[in-house]
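Just so it is clear, none of the values below were taken in a lab; they were calculated from the coordinates. Keep in mind that what you see is a predicted model, and the values were worked out from it rather than measured. Neighbour counts are summed over all protein chains in view; Cβ atoms, including those assigned to glycine, are modelled from backbone coordinates with ideal geometry.
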2 protein chains.
Amino acid sequence: MTRIQDVYPDNRVSLREVGLRDGLQLVKKFPSTAGKQRWMRDEYGAGVRHFEVGSFLPANTFPQFVDVREIVKTIASLPGGHGIALTLNERGVNEALASGVAEIATVVSATEEHSQANARRSREQAIANVKRLCDLRDASPHRPIVNAAISMALGCSITGAVDPKEVLMLVEKCLEAGVDFVGIADTVGYAGPKQVGDLTRAVVKMSGNKPVCVHLHDTRGMGIANASTALDAGARILDGSLGGLGGCPFAPGATGNVVFEDLVFLCESKGFATGIDIEKLISVRGILRAEMPGETLYGGLARAGLPDRKTSVAA
Amino acid sequence: MTRIQDVYPDNRVSLREVGLRDGLQLVKKFPSTAGKQRWMRDEYGAGVRHFEVGSFLPANTFPQFVDVREIVKTIASLPGGHGIALTLNERGVNEALASGVAEIATVVSATEEHSQANARRSREQAIANVKRLCDLRDASPHRPIVNAAISMALGCSITGAVDPKEVLMLVEKCLEAGVDFVGIADTVGYAGPKQVGDLTRAVVKMSGNKPVCVHLHDTRGMGIANASTALDAGARILDGSLGGLGGCPFAPGATGNVVFEDLVFLCESKGFATGIDIEKLISVRGILRAEMPGETLYGGLARAGLPDRKTSVAA
């Protein structure tokens with residue numbers, strides 16, 4: 001049984017590499033299984049512990065995740081390594097449970113319109129799926145962590161603006177259903193830091209002693225600013241992808257998760273120790289370039305390197 | 001006589017396009033005078049009012065600013081347009097005064113080491129230059145606005161870390177010398193938002209009813225996050241350049257001012273009206289591409305466009 005406090009300690013920030021799932025939604029060429037394993041192992045060597053490893057969605061629609069069971073095993077073999085897999089329905093949940101993955105994630109769309117367009121179901125049906133996921137977790141021998149993310153929580157590719165009251169209503173239903181924590185996602189990168197801070201504070205308050213995840217895309221260059229505000233507002237789990245790889249097939253233009261390397265620098269600069277070596281992390285970009293030569297990699301740290309701190313000064 | 005409250009109203013944020021000066025420090029090909037004028041006029045058409053137009057440094061060292069007097073005239077011809085020119089010594093100040101430019105900027109390095117390396121003078125001599133600039137302003141018929149920026153205020157390319165107490169000492173001396181306002185510059189993009197917020201708050205407090213400018217580089221992807229915190233800390237003048245053009249010849253790797261378009265989006269998202277039309281602003285990038293085809297332009301808004309706000313929701 002995975003205890004959430006071991007995986008996501010409340011006295012520090014946990015940074016999750018989501019490149020192996022969210023990052024692969026739109027890439028032109030899929031990395032090989034061995035490439036994914038090298039990517040993960042080398043990032044683990046740099047200090048990263050949390051990896052979204054793939055999804056249990058139909059392999060004919062998402063062939064990039066056909067090897068998800070192997071990737072689950074790879075991360076489980078690394079001491080302290082934590083794998084997360086995405087599921088959207090009961091079949092996927094059962095497959096995820098059978099794989100032994102340490103955490104199962106699911107998604108509820110913030111708007112009825114996006115829920116129907118993205119998953120052909122109502123938000124109520126999505127919440128019922130969250131409840132079913134929690135029941136299956138409770139009946140499972142290894143009881144993985146379960147989280148539900150509210151996608152389009154800060155702006156929707158179909159409706160435009162999103163009412164934060166609707167998001168909070170869905171967060172409450174997910175918590176009532178029994179998830180270990182909820183996340184909010186700026187899936188299409190519509191938000192600025194004020195909006196992110198306001199919503200994060202409300203979700204943190206509602207979540208009580210459960211951690212809160214904020215999943216941001218850098219679509220409009222606000223990713224790091226939004227992450228900074230999310231940290232100020234009490235979020236302690238943040239997602240990013242190496243080189244900013246990523247996107248969403250249901251959200252045109254939503255390219256780019258927050259750049260993981262820059263996220264590490266941000267956290268360290270704010271006094272949150274991450275245990276991650278930025279220079280080692282940057283060197284892993286070579287694997288992405290070799291496996292997916294057609295993808296643009298982003299990032300300030302990779303371009304400029306770490307600041308040269310010749311002297312240290314007490315603040 | 002220019003009244004500072006007219007140029008930099010304290011109840012709103014003023015965004016300054018510094019691409020025509022700071023942005024041209026390191027470019028491979030200089031834009032033509034006509035190109036600069038189109039760039040400025042089209043940004044003016046998008047709502048931008050504050051432009052750093054060039055510097056009065058020796059034209060044999062900085063040939064990209066040989067046409068600074070013409071550019072000063074161009075911005076002065078546009079109603080409400082405000083030009084700023086950089087000077088580093090008395091000769092430059094006299095030339096700037098003679099040009100009729102509305103604002104004269106100067107720089108004091110935060111560290112003795114950078115002051116000597118960059119301008120071959122001590123910080124004390126730089127402060128004496130600020131005082132001389134203020135005296136010459138007072139004796140001039142049109143009394144331009146005068147500002148002094150502390151460069152390397154958040155990290156130094158030579159010494160590494162910078163003691164904020166040293167920066168505040170220099171800020172105090174500049175204010176005593178009679179500048180209309182001071183700025184702090186993260187010239188080499190070393191800082192994260194916590195450091196920027198802490199220093200900005202202290203400078204805002206010290207500046208009393210004078211505005212404070214924060215000049216940021218996006219070297220390590222922290223530019224927008226730092227700008228957001230600077231606004232929270234009370235800065236009301238922020239610098240940026242279209243497409244993130246920029247750098248500093250004395251700070252290797254310090255490429256890229258904060259992207260102006262993204263800065264506008266940030267301010268608007270935080271409720272600060274800028275009067276700038278982002279889509280018109282983005283279209284001006286075509287002039288930069290035509291005039292300087294070898295430069296990489298950055299920016300999230302230019303890549304993704306504005307969010308599609310189909311519905312509006314009361315917060």
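Brief remarks follow.
- Copy-to-copy label distances for A:LYS131, where each label lies 7 Å from Cα along Cα-to-Cβ, are 7.7 nm in order of increasing length.
- Gap separating the Cα centres of segment B:163-236 and segment B:255-283, nearest whole Å: 19 Å
- Relative to the compact-globule estimate of 2.2 N^0.38 Å, the Cα radius of gyration of segment A:107-221 comes out at 1.03.
- D by Stokes-Einstein for segment B:1-110, Kirkwood Rh over Cα pairs, 37 °C, 0.692 mPa s: 230 µm²/s.
- Other residues lying with their Cβ under 11 Å from the Cβ of B:VAL203 contribute a combined charge of +1, Lys and Arg counting +1, Asp and Glu -1.
- Residues A:LEU238, B:LEU168, B:LEU263, arranged from fewest to most other Cβ atoms within 10 angstrom of their Cβ, appear as B:LEU168, A:LEU238, B:LEU263.
- Most mobile listed residue (A:ASN89, A:ASN118, A:ASN60) in chain A, GNM with C-alpha springs under 10 Å: A:ASN60
- Coarse-grained scattering of the protein assembly as shown at q = 0.07, 0.09, 0.12 Å⁻¹, given as base-10 log I(q)/I(0) from a Debye sum over alpha-carbon atoms: -0.45, -0.71, -1.15
- Shielding by partners - mean other protein chain Cβ count within 10 Å, residues of A:277-284: 0
- Whole-Å semi-axes of the ellipsoid equivalent to segment B:115-171 (Cα gyration tensor, √5λ, descending): 26, 12, 9
- Length-normalised contact order of segment B:12-303 in % [C-alpha pairs under 8 Å, at least 6 apart]: 21 percent
- Pairs over the 26 Å Cα-Cα cut-off, from the set A:LYS165/B:LYS270; A:LYS131/A:LYS205; B:LYS28/B:LYS270: B:LYS28/B:LYS270.
- Averaged over the residues of peptide A:150-160, the number of Cβ atoms from other protein chains lying within 10 Å of each residue's Cβ is 2.
- Taking Cα centre as origin and charging only the Cβ of basic (Lys, Arg, +1) and acidic (Asp, Glu, -1) residues, the dipole magnitude of chain A rounds to 280 debye.
- Of all segments of chain B bounded by trypsin sites (Lys or Arg not before Pro) found in a DSSP loop with no more than 13 other C-beta atoms within 10 Å, the longest spans B:121-308.
- Here's the list of lysines a cross-link from B:LYS73 could span, going by alpha-carbon distance under 22 Å and ignoring same-chain residues fewer than 8 apart: B:LYS36.
- Amide H contacts of B:GLN25: B:GLY247, each under 5 Å away and 5 or more positions distant or on a separate chain (H built 1.01 Å from N in the peptide plane; Pro and chain starts excluded).
- Convex hull (Cα only) mean projected area of chain B, reported in nm² to one decimal: 15.0 nm²
- Secondary-structure-derived ellipticity at 222 nm for chain A, considering helices only, amounts to -12000 deg cm²/dmol, per-run term -39500 (n - 2.57) for DSSP H runs with n ≥ 4.
- Residue-count net charge about B:ILE84 - beta-carbon cut-off 10 Å; Lys, Arg +1, Asp, Glu -1: -2
- Taking a point 7 Å out from the Cα of B:GLN5 in the direction of its Cβ, the residues of segment B:220-241 whose backbone N falls within less than 18 Å of it are B:236-237.
- Euclidean distance between Cα centres, segment B:77-126 to segment A:1-66, Å: 51 Å
- Counts of other chain beta carbons within 10 angstrom of each beta carbon in peptide A:181-192 average 2.
- What the Cβ-Cβ distance of A:SER77 and B:GLU113 gives, at R0 = 60 Å and to the nearest 0.05, is a FRET efficiency of 0.75.
- As a proxy for reagent exposure, ranking A:SER77, A:SER157 by other Cβ atoms within 10 Å from fewest up yields A:SER77, A:SER157.
- Comment: the Cα-to-Cβ extended label point of B:THR33, at 7 Å, lies 6.8 nm from its counterparts in the other copies, nearest first.
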